[in-house]
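I have placed the structure first, in the form of structure tokens, so that the comments after it can refer back to it.
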Amino acid sequence: MNSRRGHALRIFRAALAASDPQESVLRHLKFDGRTLTAGKRRYALSKFDRIQVIGAGKASAQMARALERLLGRRIAGGWINVKDGHTGHLRRIHQHECGHPIPDARGVEGARHMAAIASDAGPRDLLIAVISGGASALTPAPASVTLAEKQELTKKLLACGATIHEINTVRKHLSSIKGGQLAKLAYPATTIALILSDVIGDDLDVIGSGPTVPDRSTIAGARAVLAKYGISQVEFHETPKPGDVAFTRVQNLIVGSNAQAIGAAYREAKELGYRTMVLSTRIEGETRDVAQVHAAIAKEILASGRPLKTPACVLSGGETTVTLRGSGKGGRNQEFVLAAAIALEGAGEVTVLSAGTDGTDGPTDAAGAMADSFTVQKARALGLDAARFLARNDSYHFFKKVE
């Protein structure tokens, strides 16, 4: 492995370390044997008869593991929904594998268990919710449509390139627990929601569709999303809004975010001797278009030393979208790298890495991909046409064959 690729991996691993779910929780939660401190709030555990853990997400098992390390036998039990293969070593909290990104019947079953735990909680109960990327798809609780209808709707929204904000606006108004409704079920229990953010701007009511957060979106907004993409309307129901009494006993605490990961990557790149800049932590747009812009910046650096002189490292983060045009396999990170590699062919010595800090990129077992300005040439020597793989959204199989 050449030094540029090795350095790219080191920089990414620094971002991963800053995003570690267990460490993220333990940085924000402290327990001295009597008092639990969450962020700036303190909770005397003598006031609670029972502590239970609920939640969902691709990192929820590791977040729950941190709680077991911290509170041990004080946890009476709980239930979390995790993506297939994303389990952890838990003793007191049940973990339930479910489908992602398309919700399935297992997710419905798990969501019902979480709703039951929340509904059964009283004023001397403490619920700790662990919420991370993927939580929305992993907690389907259809309220006005069937599961099959919700699955089909999710597929259509993903295929047409809808943003996570748009998808979750629709999801919240079809669910019995999203959009603050889990907090409403739990009231008058005390709820602490530990949130690992995977959305731009860390909007609490968007992460995991905000099950413990007042919902700012409306039925009208959900209808507008479907109208925008030419999808047939369905029956929606409204969600609890700011000011609802249910939220008076809820603390929502972000324990990790994209900005923290980018900050760690920045420090590692500087340590390695690169002139480094953060382009943005709020990148949005069609993945292949965003890749073209990043490739253009790399070419400008090589040609003129603007905005950085070499050796340079440009960092960015965010949530791009992929509009499906073919029937291939891949994710936004792999598609970004493939599109950038095509644009960078022959440009000079450039390495590009894009990956998800949650460890999976779309419906694949890859976190992302890495390429350089010679990758397309290498593929051509193997008889592979990079542009054809991109055209059918088949970045996963491209990198399987080339790397």
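The values are calculated or read from the model by the stated rules, or taken from the named source; none is laboratory data. Since the structure is predicted, the reported quantities are computational estimates derived from the model, not experimental observations. Methodologically, a virtual Cβ is constructed for each residue, glycine included, from the backbone with ideal geometry; neighbour enumeration extends over all protein chains shown. Note: areas computed on protein heavy atoms with side chains; ligands, DNA, RNA excluded. Shrake-Rupley method; radii C 1.70, N 1.55, O 1.52, S 1.80 Å.
Quick notes on this structure:
- The C-beta contact set for region 43-57 (first residue touching a residue at least 40 places away in the same chain (Cβ under 8 Å), second residue hydroxyl-bearing (Ser, Thr, Tyr) and open to solvent by less than 30 Å² (accessible area, probe 1.4 Å), distance under 6 angstrom, 6+ apart or interchain) comprises Ala56/Thr139; Gly57/Ser132.
- Flag if Ala64 is farther than 24 Å from Pro211 by Cα and under 20 Å from the mean Cα position of the chain (by Cα): no
- Arg124 surrounded by fewer than 24 Cβ atoms within 10 Å (Cβ to Cβ) and without any contact (Cβ under 8 Å) to a residue 24 or more places away in the chain: no
- Filter pass, Leu279 being under 23 Å from the mean Cα position of the chain (by Cα), part of a loop (DSSP other than H, G, I, E, B) and surrounded by fewer than 18 Cβ atoms within 10 Å (Cβ to Cβ): no
- Some residue of region 48-56 being modelled with pLDDT under 95 and touching a strand residue (DSSP E or B) at 6+ places or on another chain (Cβ under 6 Å): no
- Test for Ala265: is it within 30 Å of His173 (Cα to Cα), assigned to a helix (DSSP H, G or I) and touching a residue at least 60 places away in the same chain (Cβ under 8 Å): no
- Residue match in region 190-197 (condition: surrounded by fewer than 20 Cβ atoms within 10 Å (Cβ to Cβ) and either in contact with a Phe, Trp or Tyr (Cβ under 6 Å, 6 or more places away or on another chain) or of a type outside the set (Gly, Ala, Ser) (or both)): no
- The combined condition, being touching a residue at least 24 places away in the same chain (Cβ under 8 Å), under 24 Å from Leu158 (Cβ atoms) and either surrounded by fewer than 15 Cβ atoms within 10 Å (Cβ to Cβ) or acidic (Asp, Glu) (or both), is not fulfilled by Gly318.
- Any chance Leu90 is surrounded by fewer than 24 Cβ atoms within 10 Å (Cβ to Cβ) and part of a loop (DSSP other than H, G, I, E, B): yes
- Set side by side, the residues Leu9, Leu45 differ, and just one is over 25 Å from the mean Cα position of the chain (by Cα) and among the aliphatic types (A, V, I, L, M), which is Leu45.
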